[in-house]
1. Would you point out the residue of the stretch 61-89, among those that are of a type in the set (Asp, Glu) and within 39 Å of the chain's Cα centre (by Cα), that is modelled with the highest pLDDT?
2. Keeping to the stretch 1-60, report how many residues are small (Gly, Ala, Ser) and more than 18 Å from the chain's Cα centre (by Cα).
3. Look at Lys70 and say whether it is assigned to a helix (DSSP H, G or I), loosely packed, with under 10 Cβ neighbours inside 10 Å and free of Cβ contacts under 8 Å to residues at least 24 places away in the same chain.
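The values are calculated or read from the model by the stated rules, or taken from the named source; none is laboratory data. Because the structure is a prediction, the values reported are computed rather than measured. Reconstructed Cβ throughout: ideal geometry from the backbone, glycine too, with neighbour counts over all protein chains shown.
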Amino acid sequence: MVYIEIIYLILYSIVCFLVVKNIFRAKVDEIYNNIENELTSLRNSIEFTFDETKKDVVGQNRQYLLEMNKDISKKIKDLSDTVKNRPII
């Protein structure tokens, strides 16, 4: 009779351990999936923000280069006009 009780307690302990292990694993998987989803969301947000910032910077650089080209063209034209109007000695 004592042996049957000992075997019963051992089996009960094993079953309880397996149940707790499965519950723990399920909770860990749930937390891992939540964290993975949050990280994916953050990565997408960062990539979107980076793309938008990149577009803005490219646009600003183009505008700056256009202004510089206009200024350079104007200075070259002014210099050529000055050279044309200068009397030859």
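1. Step one: list which residues in the stretch 61-89 are of a type in the set (Asp, Glu), which gives 67, 71, 78, 81.
From what is left, the residues that are within 39 Å of the chain's Cα centre (by Cα) are 67, 71.
Values: Glu67: 94, Asp71: 90.
Once the filter is applied, the top-ranked residue is Glu67.
2. Of all residues in the stretch 1-60, those small (Gly, Ala, Ser) come to 13, 26, 41, 45, 59.
From what's left, more than 18 Å from the chain's Cα centre (by Cα): 13, 26, 59.
Adding up the residues that qualify gives 3.
3. Numbers: assigned to a helix (DSSP H, G or I): yes; loosely packed, with under 10 Cβ neighbours inside 10 Å: no; free of Cβ contacts under 8 Å to residues at least 24 places away in the same chain: yes.
Considered against the rule, which asks whether it is assigned to a helix (DSSP H, G or I), loosely packed, with under 10 Cβ neighbours inside 10 Å and free of Cβ contacts under 8 Å to residues at least 24 places away in the same chain, Lys70 comes out as no.
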